[in-house]
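Written out below as structure tokens is the structure these notes cover.
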Amino acid sequence: MGETPPPPRPGIGVGVVVTSPAHPNCVLLGKRKGSLGAGTYQLPGGHLEFGESLADCAARETLEEAALRLRNVRFASAVNAVCAAARYHYVTVLMKGEAEPGAEPRNREPEKNEGWEWVKWDEFPPADQLFWALRCLREQGYNPFTEELDHLKGYTGSHQLA
């Protein structure tokens, strides 16, 4: 008899909350293309490469996707998002970085993203229009315009998504 294959391991991602002095109280959002999460809003980000630091990954992904160089890259949060129906399970480390003064995003991956825009943090789209890591980050109560980590108090590390 054949053994049941083990479930796949979770992926490790890095998402980036990008702010800009030219766009007060805003963060950079794109709209996903493709089969998974198409039409939902996302942060820049991607897979952590072997041996790469979280800050280096955040800077690389933001440059690759939005043509922005970051400064002052630092830890923001972490989320563990699971959607069994979509066979999606990612642990995403969220980093925060500031775009260089005067820099504006360019969509360097049009096959994956409709485009980038600066969106006020307190005027975000509803949760069901956010891709999972960003949705979980918002549900934690994270605020990119404070340096407090109060949103992590009591966080158990699990978001089960429908």
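The values are calculated or read from the model by the stated rules, or taken from the named source; none is laboratory data. Being a predicted model, the structure only gives us computed values, none of them experimental. For neighbour counting, all protein chains shown are included, and Cβ atoms are generated from backbone atoms with ideal geometry for every residue, glycine included. With ligands, DNA and RNA removed, areas are computed over all heavy atoms of the protein, side chains included. Shrake-Rupley method; radii C 1.70, N 1.55, O 1.52, S 1.80 Å.
Observations on the structure shown:
- Antiparallel beta bridges, as assigned by DSSP with both residues in the range 58-162, represent about 85 percent of the total such bridges.
- Taking all C-alpha pairs of the chain, those more than 26 Å from each other amount to 23 percent.
- Proximal charge balance of Leu70 [Cβ under 11 Å; K/R count +1, D/E count -1]: +1
- Over all other residues within a Cβ to Cβ distance under 15 Å of Ala59, the charged ones net out to -2, with Lys and Arg as +1 and Asp and Glu as -1.
- Interchain or long-range residues, amide H under 5 Å from Trp116's placed H: Asn107
- Residue-normalised accessible area of the chain, given per residue in Å² at a 1.4 Å probe: 55 Å²
- Among the protein heavy atoms of the range 1-109, carbon and sulfur supply 54% of the accessible surface, probe 1.4 Å, non-protein parts ignored.
- Cleavage-rule hits (trypsin sites (Lys or Arg not before Pro)) in the range 74-136: DSSP loop, at most 13 neighbouring Cβ within 10 angstrom: Arg87, Arg106
- Against the chain, whose longest principal axis is taken from its Cα atoms, helix 54-66 shows a tilt of about 70°.
- Per-residue SASA entry for Asp128, accessible area with 1.4 Å probe, Å² rounded to 10: 120 Å²
- Within-11-Å neighbourhood charge of Ile12 [Cβ basis; K, R +1; D, E -1]: -1
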